[in-house]
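Take a look at the structure set out below.
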Amino acid sequence: MSRVALVTGGSRGIGRAISQRLAAHGHEVAINYTANKDAAQAVVEAIEQAGGTAIAVQADVGDPDDVAAMFEIVTERLGPVEILVNNAGITRDGLLLRMSLEAWDDVIETNLRSVFLVTKTALKPMLRARWGRVISLSSVSGISGNPGQANYAASKAAVIGFTKSVAREVGSRGITVNAVAPGFIQTDMTEALGDRVTVAAAERVAVGRLGQPEEVAAAVGYLSSDEAAYVTGHTLVVDGGIAL
């Protein structure tokens, strides 16, 4: 059954793979982006060339006015959001003693405040329809911590707590709320770290390699499906065993 899906930060990396996976499952996909319109439009074109339906929607998901406007556009063009993927996220790494308040606030606003704002807005029509899927991207950093990422790990740990709480609130209305916690995934961001860092990271992974965005997207695809109707409040770790 075709549903309307919204993917925040859906224009590149994991978000792009998720957008394409949902479209391949027959869903109409709204791809949110903050600044890179060309990248978002490229995902739309790739989905359309594969026979799917997609639109690109610009919004700062940490801003309540932008979030409200985004949902108005998606509802007008595609219909009410039935599948929400909170994927937008940033890093501002640094040791805690050197971390600025700005670096802390930027990460919390994008990675956590956005999940609150977007989920709260999406739930209203889901509650009326008595069906919905909310999947938020956490991280293994939010489970086991990571040096130099106190802000990022805190935001991603909070996403897990948020997920469990909201799952309890809306489960009786046919809405599931879950999280996916990726490990070291091969994207543009990880490639920028250089070969030395990525090779060292791969050596820590039980399966001996970095993950692919499509492998995270597969987990999101499952949690968004009817087959996952009895899975809620769960954090699905997709890390190749790095957190073992």
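The values are calculated or read from the model by the stated rules, or taken from the named source; none is laboratory data. Remember, it's a predicted structure, so these values are computed and weren't measured experimentally. Reconstructed Cβ throughout: ideal geometry from the backbone, glycine too, with neighbour counts over all protein chains shown.
Given the condition over 16 Å from the mean Cα position of the chain (by Cα), more than 24 Å from residue 19 (Cβ to Cβ), charged (D, E, K, R) and in a helix (DSSP H, G or I), answer yes or no: does some residue in the range 114-125 qualify?
No, the conditions are met nowhere in the range 114-125.
Can you pull out the residues in the range 126-150 that are touching a residue at least 60 places away in the same chain (Cβ under 8 Å) and more than 14 Å from the chain's Cα centre (by Cα)? I'd like the intermediate steps shown before the answer.
Restricting attention to the range 126-150, the residues satisfying the condition of being touching a residue at least 60 places away in the same chain (Cβ under 8 Å) are 133, 135, 137-138, 140, 143-144.
The answer is 143, 144.
Could you please let me know if residue 122 is closer than 22 Å to residue 62 by Cα and either of a type in the set (Gly, Ala, Ser) or in contact with a Ser or Thr (Cβ under 9 Å, 6 or more places away or on another chain) (or both)?
Working: closer than 22 Å to residue 62 by Cα: yes; either of a type in the set (Gly, Ala, Ser) or in contact with a Ser or Thr (Cβ under 9 Å, 6 or more places away or on another chain) (or both): yes.
So residue 122 fits the description; yes.
Which residues, taken from the range 53-87, are among the small types (Gly, Ala, Ser) and either more than 20 Å from residue 22 (Cα to Cα) or surrounded by 15 or more Cβ atoms within 10 Å (Cβ to Cβ) (or both)?
Step one: filter the range 53-87 for residues among the small types (Gly, Ala, Ser), giving 54, 56, 59, 62, 68-69, 79.
Hits for the range 53-87 are 54, 56, 59, 62, 68, 69.
Would you check which residues across the range 181-225 are surrounded by 13 or more Cβ atoms within 10 Å (Cβ to Cβ), at pLDDT below 90 and under 14 Å from residue 244 (Cα atoms) and list them?
Selection gives 201, 202, 204.
Could you figure out which of (1) over 18 Å from residue 9 (Cβ atoms); (2) polar (S, T, N, Q); (3) in contact with a His (Cβ under 7 Å, 6 or more places away or on another chain) isn't true of residue 178?
(1)
Condition check: more than 30 Å from residue 103 (Cα to Cα), out of contact with any Cys (no Cβ under 8 Å at 6 or more places or on another chain) and either β-branched (Val, Ile, Thr) or in contact (Cβ under 8 Å) with a residue 12 or more places away in the chain (or both). Does residue 232 satisfy that?
Details: more than 30 Å from residue 103 (Cα to Cα): yes; out of contact with any Cys (no Cβ under 8 Å at 6 or more places or on another chain): yes; either β-branched (Val, Ile, Thr) or in contact (Cβ under 8 Å) with a residue 12 or more places away in the chain (or both): yes.
Spelling it out, residue 232 is indeed more than 30 Å from residue 103 (Cα to Cα), out of contact with any Cys (no Cβ under 8 Å at 6 or more places or on another chain) and either β-branched (Val, Ile, Thr) or in contact (Cβ under 8 Å) with a residue 12 or more places away in the chain (or both).
Residue 139 - would you say it is assigned to a helix (DSSP H, G or I), among the hydroxyl-bearing types (Ser, Thr, Tyr), over 15 Å from residue 170 (Cα atoms) and in contact with a Gly (Cβ under 9 Å, 6 or more places away or on another chain)?
Values: assigned to a helix (DSSP H, G or I): no; among the hydroxyl-bearing types (Ser, Thr, Tyr): yes; over 15 Å from residue 170 (Cα atoms): yes; in contact with a Gly (Cβ under 9 Å, 6 or more places away or on another chain): yes.
Against the criterion (assigned to a helix (DSSP H, G or I), among the hydroxyl-bearing types (Ser, Thr, Tyr), over 15 Å from residue 170 (Cα atoms) and in contact with a Gly (Cβ under 9 Å, 6 or more places away or on another chain)), residue 139 does not qualify.
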